[in-house]
Amino acid sequence: MKNSTLHVIPSLFFVVSLLLFLYKGVEFALLDSYVPLIISVCFASYVLVSKLRSARSFHVAKKVWAYTIISWCVVRIILAILIVTTLNEAYLLDQISWANLALTLFLLMTAYLLLKTKNRT
Amino acid sequence: MHEKLFITFITSGLFALSFLCQATETEMTYQQTIVSDMSGHRKESPLLSRSTKLERQLTATYIENKLIKAGFSVNKHEYRYRNVNAILDLLLSPHSGTNVYTTLVATQASEHTVIIGAHYDSVPDSPGAGDNAAGVALLFGVLNRLKDIENRSVNYLFVFFDQEEDDEIGSKVFSEKLIREKMKVHSVHVSDISAWDNNKDRIISIQSPAPYLEDLYVRTADELSITLDIFGGASSDNKSFLLAGFNTVGVFGDVSEHHHKPTDTYENVDFVFLTLMTDLVSTALVKISEDIANEK
């Protein structure tokens, strides 16, 4: 029971993080920018295919996803520092909010949980 | 008899002059109030600058209330827009903002619309009195003058753009909206940095006017004894409309040392020059109505 709960939480975080990026993709697709949707659909497809293929490839896909979102968060943090210190642009300043900070922390937590989860095969 | 006529003439002249002075003073006071409110000059005003989303929302509401108070119906064009490139779309949220607009409908049915616009946002840490609270005040001045005209052969759409300081996003989205709605746009007149005249030469700059608009503004300036400086390029919201293929003109003052600085305050706004700009734009817009009436 304890073991399964331990695996449910990372899986839940994993699914939510994928859905967040898919939402971002759809959001921008509605604004005629399709790159975020293409990339998020590619990732989701890769995860789905690897899940169907084998537990080992699914485990690898989760690691890849973890490193991807860590990179995304790092770039966002660097950008936020640049915005505060150098780029005094109104629109960019609006990007620094508690909601965005919470999102970054959530994704970093997801990446941590995914990297910590051992392959059960 | 002659003396009586002379006194009547002088009295009438003085009355007319005092009326004109009063009218000008009233309009100037009205414009001063707008600039004061929008730039945080008035102590009660919460708007110290108009750059963050919250500040821009407050400003949009201020303009909306001002329009309602003046008896106009208000439309809000709320938008979301992609970033300048797809990589940024991956990292950032979309742009979002609100263009506020009102239409002064023609008194004689017309399918043509003249757009008159000015942006209401500012850069961070700047009160933005000259850039561009003065432009907003100019629009209100023109709007009040045009509403009193009995015969209007064209619709006038007054639009207060959001996010000019962020790559002219507000006007870009608005120009796309006009195209999508297939609105018959006669011409687009954009005002920016409307109240700076560095060397007090009273020269008004006209940027990239379409041929008809160049002729129109030259005619109007001649009539009002105003000197124009006509130059190329596109440096404000007029760029969005120029690129979208509309007949466009930018009406500007000088680029001052206060531009995008914390010193862009109420005290550095030249309200006499703003009145001159209001005269030029409103007279040009009346001429468009007359030209269209004559064509019919």
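No lab work stands behind these numbers, since they all come straight from the coordinates. The structure presented is a predicted model; accordingly, all values stated were derived computationally and were not measured. For neighbour counting, all protein chains shown are included, and Cβ atoms are generated from backbone atoms with ideal geometry for every residue, glycine included.
Compute a Gaussian network model of chain B, connecting alpha carbons closer than 10 Å, and tell me which residue from B:N132, B:N144, B:N155 fluctuates the most.
It is B:N144.
Among A:T110, A:T68, A:T85, determine the one that fluctuates most according to a GNM of chain A built with springs between C-alpha atoms less than 10 Å apart.
A:T85
For the pair B:M183/A:V74, report the inter-label distance in nm, with labels modelled 7 Å from Cα in the Cβ direction.
4.8 nm
When a/c reaches 1.5 or more, the comparison of a/b and b/c decides; with that in mind, is chain B rounded, prolate or oblate per its Cα gyration tensor?
The shape class here is prolate.
Just from its helices, what would the mean residue ellipticity at 222 nm be for chain B, if runs of 4 or more DSSP H residues each count -39500 (n - 2.57) and the sum is divided by every residue, rounded to the nearest 500 deg cm²/dmol?
That calculation yields -14500 deg cm²/dmol at 222 nm.
Relative to a virtual label point 7 Å from the Cα of B:E267 in the Cα→beta-carbon direction, which members of the stretch B:104-136 show backbone nitrogen distances below 18 Å?
It comes to B:126-131, nothing else.
Using a Gaussian network model of chain B whose springs link C-alpha atoms within less than 10 Å, name the residue from B:H258, B:H189, B:H119 with the highest mean-square fluctuation.
B:H258
Counting helices only, and only those DSSP H runs with n ≥ 4, report the 222 nm mean residue ellipticity of chain A as the sum of -39,500 (n - 2.57) divided by its residues, in deg cm²/dmol to the nearest 500.
-29000 deg cm²/dmol
Using square roots of five times the C-alpha gyration tensor eigenvalues, list the equivalent-ellipsoid semi-axes of the protein assembly as shown in whole Å, biggest first.
55, 22, 17
Would you mind giving the mean number of other chain beta-carbons within 10 Å of the Cβ of each residue in A:94-104, as a whole number?
Mean number of neighbouring Cβ atoms from other chains: 2.
Under the definition of partner shielding as Cβ atoms of other protein chains within 10 Å of a residue Cβ, what is the mean value for peptide B:79-87?
Across the residues of B:79-87, the mean count of other-chain Cβ atoms within 10 Å is 4.
Restricting to the stretch B:173-296, what percent of DSSP beta bridges are antiparallel, rounded to 5?
25 percent
Output the pairs from B:K53/B:K182; B:K43/B:K182; B:K239/B:K261; B:K172/B:K261; A:K24/B:K182 with a Cα-Cα distance over 32 Å in this structure; if there are none, say none.
Result: B:K43/B:K182 exceed 32 Å.
For an R0 of 25 angstrom, estimate the FRET efficiency from the Cβ-Cβ distance between B:A70 and A:Y34 and round to the nearest 0.05.
Efficiency at R0 = 25 Å is approximately 0.05.
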